[in-house]
Amino acid sequence: MAEKKQSGKKSEPSAIAKFYLLAYNGVQTLGWTYLLLNTAIHFLDRGTLDTLWPQIKWTVIIFQNAAVLEVLHAAVGLVPSSVFVVLMQVYSRVFLVCGILLVTYGATISPGIALCVFAWSITEIIRYGYYTLNLVNGVPRLLLFLRYSTFLILYPLGITGELLCMYHALDEIAEKNIFTMTMPNDWNILFNYYYFVIFYMILYIPLFPVLFGHMLSQRRKMLNKCKTE
């Protein structure tokens, strides 16, 4: 669920800020391209879901968690994005990586992991590539179209993958009492991670239309603007 608004007319960033954003977006583009190629090669070499996660684990951890910086970018005004929208979009993926994939085995062999990786990678290659070229005013029309069109398919695919990963992690979470606190304890806190994950999955129902509608609005705005130029 990781998209953000970084388009339209805006004040130019300082030279240092622009260099930083160019480096950040450029490195992210390369990182996600590497992840996509690595995953594709894995399956072309007849690799299976059982062996996919060990091969891509650290690439996913590094480049997905690096997206947390985008919340900071929005908060300090480096990019004209809504902090709340960016936070919602980044949180869902970071939670899946750190709160599901890193703590359960079932999620890492779920069909959802392949859906996530392919949907995330293609989305981010296009997104970060767009941001990089936008900083130097060199975005081709095809890339603009892809930036505001591929989400129509990739966004639902990515969300489906995320939900599948969480679903396949539930039994293991319940069996091992992962991140679960029962009474009594030193903090007098009762927390059941199994039910939290279920509740979190249900939240996708109201939140998906909001984020998807935001992207549809951006698509109309940017593609209509492109037609008039």
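Of note:
- Matching entry among Arg93, Arg141 (being of a type outside the set (A, V, I, L, M, F, W, C), touching a residue at least 12 places away in the same chain (Cβ under 8 Å) and closer than 17 Å to Leu36 by Cα): Arg93
- When restricted to residues that are under 14 Å from the mean Cα position of the chain (by Cα) and either surrounded by fewer than 22 Cβ atoms within 10 Å (Cβ to Cβ) or not aromatic (Phe, Trp, Tyr) (or both), the range 115-135 contains 12.
- Test: residue in the range 201-219 that is assigned to a helix (DSSP H, G or I), touching a Phe, Trp or Tyr at 6+ places or on another chain (Cβ under 7 Å), more than 21 Å from Phe84 (Cα to Cα) and not basic (Lys, Arg): no
- Leading residue by the ranking (surrounded by the fewest Cβ atoms within 10 Å (Cβ to Cβ)) among those in the range 69-83 that are under 18 Å from the mean Cα position of the chain (by Cα) and assigned to a helix (DSSP H, G or I): Leu72
- Residues of the range 121-138 classified as part of a helix (DSSP H, G or I), of a type outside the set (Ser, Thr, Tyr) and touching a residue at least 60 places away in the same chain (Cβ under 8 Å), total: 7
- Residues in the range 176-206 that are surrounded by 14 or more Cβ atoms within 10 Å (Cβ to Cβ) and closer than 30 Å to Thr150 by Cα: Val197, Ile198, Tyr200, Met201, Tyr204.
- The set of residues in the range 84-114 that are polar (S, T, N, Q), within 27 Å of Lys176 (Cβ to Cβ) and under 13 Å from the mean Cα position of the chain (by Cα) contains only Ser92.
- Residue match in the range 42-55 (condition: surrounded by 15 or more Cβ atoms within 10 Å (Cβ to Cβ), touching a residue at least 40 places away in the same chain (Cβ under 8 Å), assigned to a helix (DSSP H, G or I) and not hydrophobic (A, V, I, L, M, F, W, C)): no
None of the figures in this text is laboratory data; all of them are computed from the coordinates on show. Owing to the predicted nature of the structure, the values given are computational and were not obtained by experimental measurement. Every residue, glycine among them, receives a Cβ derived from its backbone with ideal geometry; neighbour counts consider all protein chains shown.
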